[in-house]
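Read the structure below first, then the notes.
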Amino acid sequence: MEEGVVAADVCVREKEFRLERNKGNMEPQINRIWKPIEFQEAWLKCDTSVLDGVTDAWYARREELQSSSNAFSDFMNQLKREHAIETGVIERLYDLDRGVTETLIRKGFIDTQVTHLQTDVAVPKLFGHLKDHMDAIDFVFDMVNENRPLSIGFIHELHQLVTRNQTTTEARDQFGNKTEVELLKGRFKTTENNPTRPDGSKVYYCPPINVQDEVENLVTLYNEATENKVHPVVIAAWFHHAFSTIHPYQDGNGRVDRLLSSLILIKHGLFPFTVRREEAKDLYIDALEKADSGNPQPLVSYFCETQREHIEKALNLREATTASSLDEVARLFSGKLEEWQSKTRKEHEAKVALIRNEVFELCLTEVNSAVESLREKINGGAELEVKSCSPKDGLEQHFYYGQIIKYAKRHGYYFNRHLPKGWIMVTISLNHVKWYRLGMTVHHQGSDDGTLVLGAFLEDTTTKVDHNERIDATLPLEIRPVLISTIGEASSKGSIISKFVEHALTLTLGHIASEL
């Protein structure tokens, strides 16, 4: 490389930093991102409950799906293709029409499905990049299957794969002029790659002289965290942030970093880590920058949310949907029927019923406690009333089916109407003229009984109505479903239940206040 040329990573964190006022003048802030790698205590304190509530159900279901469902194999291949496409988009190697993206994810990488009008690079070049990314994610899965240890040699191999069709990278000379330089593949950087922001601020990554030691230390700390059984999502998020601050290569750091995070997650039975283009700046980059400042929770939460989304979809897969013949379906049906009639199945159903009822009672206790506190704070300004029907009370279980179905469709999951459910209704009366009803339900998602859902909806009525009326009056209150595994002790779910109830009531009161 020519003397004085500084390599610039394609995926530089683009968000503009605020300018600091210094001595009465607006001067650019100097942002020193890199510090020697550590596993700080703050990472161990991160909350992962949004994911923990459903991982047990996923682990119990995963083996069954892997062994008997073509749908699961198709699902995993689609996740791989999505990872391959989106990583190139956010690295600005190419742009690709969103509609074509969805087609390629569903049907596979067929170049006849893309025209030159739907991408900003030549179609052969696009598919060269896509093949590199797909081979790299397959390589990660192979490494997991072969139980290969993480090493610098493997990281170099991964870098060579993702840059196979890339020969140069953008750089700037000592005068700040853009130029193209040869890309070092599978080799750490030999010159600085510290980008300058649009506001003139500087980002400092690890100096080349320290890269080898830092990556070795990163691998060592990763192995120690794994041996100490730190939460895998926390490890993946920490590793991702640490690697990004080192930035060991001239280019391709973001691609390699997301693959290494995927490796850690896949090793623990989870899914590849993919950053979608629409999330890149406001969620992903923002979370990385908060981690730079010593607040890792947003990045851990982002990792948890992406994994939870994949788990929700996987739990809705069904084994029989891709059966190829009547004989195959008959064998599956016979096995399921035998299992359904067995003593073991009856014992399992009893355990699920116990957990379901305990989760409902925990939810009802939280609601009653929160409502009692609100009565004191509102001080007579409104009347609050709580009614409920537990999953073991069959008489009124059919209430609010329409609202739950509508809620499930909005959030993209299958509501299992064949299993018991419970509901809690909080009615808020304003001077006996206007009523709001916050409904919270405990019901099952998916084709089996392994996952409970806490869902919520809000209704606005001018007069009191019966339970089976005014489904269309349900308000678009965005309360995301909370998934809870039916495996384990119900008491361990208390934190996530409490947060759900508080969030639902907070959004409800905020909505009412905005209308007054």
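The values are calculated or read from the model by the stated rules, or taken from the named source; none is laboratory data. Quantities reported herein were computed from a predicted structural model and do not represent experimental measurements. When we count neighbours, we look across all protein chains shown, and the Cβ atoms used for this are built from the backbone with ideal geometry, even at glycine.
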- Message: Looking at the stretch 294-312 only, could you name the residues that are crowded, with 20+ Cβ neighbours inside 10 Å and not in a helix (DSSP H, G or I)?
- Response: Pro296
- Being over 21 Å from Lys45 (Cα atoms) and acidic (Asp, Glu) is the filter; apply it to the stretch 221-278 and report the residue that is surrounded by the most Cβ atoms within 10 Å (Cβ to Cβ). Asp251
- Qualifying residue in the stretch 74-90 (condition: free of Cβ contacts under 8 Å to residues at least 40 places away in the same chain, assigned by TED's automatic domain parsing to the domain that holds Ser261 and more than 22 Å from the chain's Cα centre (by Cα)): no
- Subset of the stretch 109-159 (residues that are among the charged types (D, E, K, R) and either crowded, with 18+ Cβ neighbours inside 10 Å or not assigned by TED's automatic domain parsing to the domain that holds Ile90 (or both)): Asp132
- Query: When only residues in the stretch 112-138 that are farther than 21 Å from Arg92 by Cβ and free of Cβ contacts under 8 Å to residues at least 40 places away in the same chain count, which is nearest to the chain's Cα centre (by Cα)?
  - Reply: Gln113
- Task: Select from the stretch 263-286 the residues that are farther than 28 Å from Glu157 by Cβ and among the hydrophobic types (A, V, I, L, M, F, W, C) and list them in ascending order.
- Result: Leu283
- Message: Lys434 - would you say it is at pLDDT 90 or above, basic (Lys, Arg) and either more than 29 Å from the chain's Cα centre (by Cα) or surrounded by 16 or more Cβ atoms within 10 Å (Cβ to Cβ) (or both)?
- Response: no
- Item | Residue among Glu515, Glu478, Glu502 that is surrounded by fewer than 22 Cβ atoms within 10 Å (Cβ to Cβ), acidic (Asp, Glu), in contact with a helix residue (DSSP H, G or I) (Cβ under 9 Å, 6 or more places away or on another chain) and at pLDDT below 85 | Glu478
- Message: Within the stretch 43-72, take every residue that is out of contact with any helix residue (DSSP H, G or I) (no Cβ under 8 Å at 6 or more places or on another chain) and small (Gly, Ala, Ser) and give me the one that is modelled with the highest pLDDT.
- Response: Ala60
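Conditions (1) under 23 Å from Glu358 (Cβ atoms); (2) surrounded by fewer than 18 Cβ atoms within 10 Å (Cβ to Cβ); (3) among the charged types (D, E, K, R); (4) in contact with a helix residue (DSSP H, G or I) (Cβ under 7 Å, 6 or more places away or on another chain), marked per residue:
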residue	(1), (2), (3), (4)
Glu383	no, yes, yes, no
Val386	yes, yes, no, yes
Lys392	yes, yes, yes, yes
Leu395	yes, yes, no, no
Lys409	no, yes, yes, no
Gly412	no, yes, no, no
Phe415	yes, no, no, yes
- Residue list for the stretch 478-516, filter: free of Cβ contacts under 8 Å to residues at least 60 places away in the same chain, under 21 Å from the mean Cα position of the chain (by Cα) and part of a helix (DSSP H, G or I): His503
- Query: Is at least one residue of the stretch 263-280 closer than 15 Å to Arg308 by Cβ, among the aromatic types (Phe, Trp, Tyr) and modelled with pLDDT of 95 or more?
  - Reply: yes
- Give Val386, Val367, Val453, Val442 a once-over and let me know the one that is touching a strand residue (DSSP E or B) at 6+ places or on another chain (Cβ under 9 Å), of a type in the set (Val, Ile, Thr) and over 26 Å from Ile487 (Cβ atoms). Val386
- Query: Is there a residue being at pLDDT 90 or above and not in a loop (DSSP other than H, G, I, E, B) anywhere in the stretch 162-173?
  - Reply: yes
- Task: Search the stretch 375-408 for residues being β-branched (Val, Ile, Thr) and either under 36 Å from the mean Cα position of the chain (by Cα) or not assigned by TED's automatic domain parsing to the domain that holds Ala456 (or both), and hand back the single one that is modelled with the highest pLDDT.
- Result: Val386
